[in-house]
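Structure first, then comments.
The values are calculated or read from the model by the stated rules, or taken from the named source; none is laboratory data. Computed from a prediction, not measured in an experiment: that's the story for all the values here. FYI the Cβ positions are ideal-geometry reconstructions off the backbone, even for glycines, and counts take in every protein chain you see. Calculation scope for accessible area: heavy atoms of the full protein, side chains included, ligands and nucleic acids excluded. Shrake-Rupley method; radii C 1.70, N 1.55, O 1.52, S 1.80 Å.
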Amino acid sequence: MSLEVLRKNNSWIQKTPDVSGGDACVRNTRITVWGLVEWKKLGLSDLEIMNRIPGLSSADLEAAWEYYVKYREEIEQTIRENVEA
């Protein structure tokens, strides 16, 4: 069962318990919001990110960035946990 969290322009962020450890992901994929945020922090532009991930759209990235703004502490905690792992 998935929990839809944010929907925007045919894109959404969802959490599914058995997918990517239950982390927030872009629509029915294993593309995590925290991973996208990490790339953004490393200086990649939205276009560079979309070029590296086939099928990822600008609406997907907009939804991911909005999710990050709304749930910043959750995403930062997930980043910390993954850096420590």
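Couple of notes before you dig in:
- Computed from the Cα positions only, the extents of the range 28-80 along the three principal axes stand at 27, 24, 17 Å, in decreasing order.
- Fraction of accessible area attributable to carbon and sulfur, the chain (%, probe 1.4 Å): 52 percent
- Per residue value of the accessible surface for the chain (all protein chains in place, 1.4 Å probe), Å²: 62 Å²
- Most mobile listed residue (Val19, Val37, Val69) in the chain, GNM with C-alpha springs under 10 Å: Val69
- Which of Thr16, Thr29, Ala59, positive extreme of dipole for the chain (C-beta unit charges): Ala59
- Only helices enter this figure: runs of n ≥ 4 DSSP H residues, each worth -39500 (n - 2.57), summed and divided by the residues of the chain, yield -14500 deg cm²/dmol at 222 nm to the nearest 500.
- Taking Lys and Arg as +1 and Asp and Glu as -1, the other residues whose beta-carbon sits under 14 Å from that of Ile49 total -2.
- Taking a straight Cα-Cα cut-off under 20 Å and skipping sequence neighbours fewer than 8 places away in the same chain, the aspartates and glutamates within cross-link reach of Lys41 are Asp23, Asp60, Glu62, Glu66, Glu73, Glu74, Glu76, Glu81, Glu84.
- Each Lys and Arg contributes +1 and each Asp and Glu -1, all at the Cβ; summed about the Cα centre of the range 44-85, the dipole is approximately 60 debye.
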